[in-house]
Amino acid sequence: MSEPLWTGGYVANALGVAIHSDPASAVAIEDLVGLALRRNPKRAHLLVSQVLAKHVPTEPALVIAAGELLGAFAAKELFQQVPDVELTAAARALTAVLQQPAGQRKEAISALTGHVATLRTVVPDAVVIGYAETATGLGRLVANALGAYYIHSTRHATPGVVPVAGFEEGHSHATSHAMVPTDPQWLDGAGPVILVDDELSTGSTVINTIRELHALVPHPVYVVAALIDLRSAEDRSRFDALAAELDCRIAVAALGTGRIELGADILGRAATLIEELPQEKLSLETAGRVSILELASSFISPVRSDRFGNASAPLQATVEAIAEHLSAQLEETGAQGPFVVLGCEENMFLPLAVAQALGRLRPDGEVRFSTTTRSPIVPVDRPDYAIASALVFASHDLTNDGPGIRFAYNLSGSGQRPGTIVAFPEPGTERTELLHSSVPDLPPLAVALRAVADDAVVVLLPVDNPANSSSPSTSTPIEVAP
């Protein structure tokens with residue numbers, strides 16, 4: 001069986017991008033990421049993770065195992081107690097999964113899950129912080145592996161709850177983050193602080209964060225956990241200098257380490273390349289069925305974004321209840337697989353857990369997980385490129401920067417089309433926000449999904465928000481008219 005074609009080859013060849021994994025890297029970076037073109041004047045390329053499920057629909061068990069494995073690497077940096085031989089075995093198991101074609105790696109994922117399950121290390125006094133939007137789910141997985149308190153930064157508006165900290169992410173398409181805990185003592189302990197992101201490029205965002213947090217409550221140890229670490233030697237020295245300045249220890253844990261070389265005038269060459277590419281748009285005329293499933297608080301425990309507080313243990317009863325109700329609804333309507341469960345922006349972990357549970361309930365239908373994003377990426381439907389298609393729609397959530405354009409990638413392309421998409425907006429979203437566009441000339445989410453699936457279900461979850469305790473009251477599906 002041949003390995004899949006690397007999904008970074010097109011950009012690497014066209015723009016002179018070269019990725020080099022360190023000899024000691026646990027997993028080769030080329031196995032962990034592909035490449036795509038950004039629509040961003042600050043950065044030409046995007047590293048597209050094969051295990052994060054932000055841009056690529058991915059097996060839920062693989063996403064969970066990779067995140068919890070990163071938690072084990074973080075624990076090793078904290079205690080040096082996790083045996084290297086077990087970490088190495090788990091990393092090799094992850095490599096084995098990634099080097100097999102999607103759809104043919106069920107047994108390899110099962111083996112990986114078994115390795116990772118033996119690596120959990122409880123660090124109850126740790127505070128784990130995930131970065132919005134990309135790493136909100138990844139951070140939760142790391143926290144689960146450590147049995148630790150979890151909170152993520154947010155770009156969502158939180159009326160009635162005052163942010164306690166904020167920081168900037170310079171290269172991102174949307175830069176401002178805020179920390180919005182409901183527990184005023186969330187940072188007061190003396191345990192380690194673990195910062196989780198999908199990648200480290202320069203580390204500037206992390207430096208900003210540590211400075212901000214250390215000014216609030218100094219901590220002796222900070223661990224930065226990322227799927228890949230591509231910092232230069234100069235950037236690594238900045239971490240050492242900050243640790244000396246603040247009189248603390250700063251360690252980094254990553255599944256893949258290495259460096260990236262960018263071709264000359266990459267921004268200009270990328271702009272020219274994008275101009276020359278054909279501009280393809282999905283037609284909304286290819287219309288599948290869409291319904292809205294509204295779950296009442298009397299049916300399940302109210303759920304909320306992790307940004308509001310402690311999420312040290314999965315809401316397993318809620319997850320199972322949602323998955324069972326959803327599976328019954330899919331059975332009743334005759335919806336068929338393959339299934340894609342789609343989290344929306346920062347709402348990543350709960351939909352991921354539901355996707356895993358749905359896969360157990362519907363073993364006859366392949367289940368993948370992905371999420372929406374703010375990042376504008378150029379789609380090119382070819383096997384050596386990471387983003388085959390783009391679905392564009394208007395935002396439905398309340399954010400500090402107001403309404404905007406949102407995207408979902410790889411839901412179509414290369415002849416693929418899910419039988420059913422199940423979307424999970426941020427808890428507390430109203431159905432009217434899904435049916436009426438907040439941006440001129442763009443469809444709302446519920447309408448846009450009709451272009452990429454035969455059936456789509458939008459699941460509205462009740463919210464437990466300190467500023468608003470209201471919950472939806474009906475679980476009756478409502479058809480969206482063509």
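Points to keep in mind about this one:
- Filter pass, ARG92 being open to solvent by 30 Å² or more (accessible area, probe 1.4 Å), free of Cβ contacts under 8 Å to residues at least 60 places away in the same chain and charged (D, E, K, R): yes
- Candidates in segment 357-371 are the residues that are assigned to a loop (DSSP other than H, G, I, E, B) and free of Cβ contacts under 8 Å to residues at least 40 places away in the same chain; of these, the one that is farthest from the chain's Cα centre (by Cα) is ASP364.
- Residue within segment 75-94 that is in contact with a Leu (Cβ under 9 Å, 6 or more places away or on another chain) and under 30 Å from ALA14 (Cβ atoms) present: yes
- Residues of segment 313-346 that are among the acidic types (Asp, Glu) and loosely packed, with under 15 Cβ neighbours inside 10 Å: GLU324, GLU331, GLU332.
- The residues listed here are ASP229, ASP240, ASP183, ASP198; of these, the one that is modelled with pLDDT of 90 or more and more than 24 Å from ILE19 (Cβ to Cβ) is ASP240.
- Odd one out for THR420, checked against (1) open to solvent by less than 20 Å² (accessible area, probe 1.4 Å); (2) of a type in the set (Val, Ile, Thr); (3) at pLDDT below 90: (3)
- The requirement of being open to solvent by less than 10 Å² (accessible area, probe 1.4 Å), closer than 21 Å to ALA243 by Cβ, of a type outside the set (D, E, K, R) and in contact (Cβ under 8 Å) with a residue 24 or more places away in the chain is fulfilled nowhere in segment 143-164; no residue meets it.
- Residues (assigned to a helix (DSSP H, G or I), of a type in the set (Gly, Ala, Ser) and within 24 Å of the chain's Cα centre (by Cα)) located in segment 316-356: ALA317, ALA321, ALA323, SER327, ALA353, ALA355
- For GLU168, the criteria (1) among the charged types (D, E, K, R); (2) touching a Ser or Thr at 6+ places or on another chain (Cβ under 6 Å); (3) at pLDDT below 95; (4) under 23 Å from ALA126 (Cβ atoms) hold in every case but one, which is (4).
- Segment 379-411 - residue that is of a type outside the set (A, V, I, L, M), touching a helix residue (DSSP H, G or I) at 6+ places or on another chain (Cβ under 8 Å) and in a loop (DSSP other than H, G, I, E, B) and, of those, surrounded by the fewest Cβ atoms within 10 Å (Cβ to Cβ): ARG382
- Number of residues in segment 366-378 that are among the small types (Gly, Ala, Ser) and open to solvent by 20 Å² or more (accessible area, probe 1.4 Å): the value is 1.
- Odd one out for ALA178 among (1) modelled with pLDDT under 90; (2) assigned to a loop (DSSP other than H, G, I, E, B); (3) within 26 Å of GLY404 (Cβ to Cβ): (2)
- Residue match in segment 42-58 (condition: modelled with pLDDT under 95 and polar (S, T, N, Q)): no
- The residue that is most open to solvent (accessible area, probe 1.4 Å), among those in segment 42-89 that are free of Cβ contacts under 8 Å to residues at least 60 places away in the same chain and within 24 Å of GLY359 (Cα to Cα), is GLN50.
The values are calculated or read from the model by the stated rules, or taken from the named source; none is laboratory data. Computed from a predicted model, the values in this text were never measured in an experiment. Every residue, glycine among them, receives a Cβ derived from its backbone with ideal geometry; neighbour counts consider all protein chains shown. Calculation scope for accessible area: heavy atoms of the full protein, side chains included, ligands and nucleic acids excluded. Shrake-Rupley method; radii C 1.70, N 1.55, O 1.52, S 1.80 Å.
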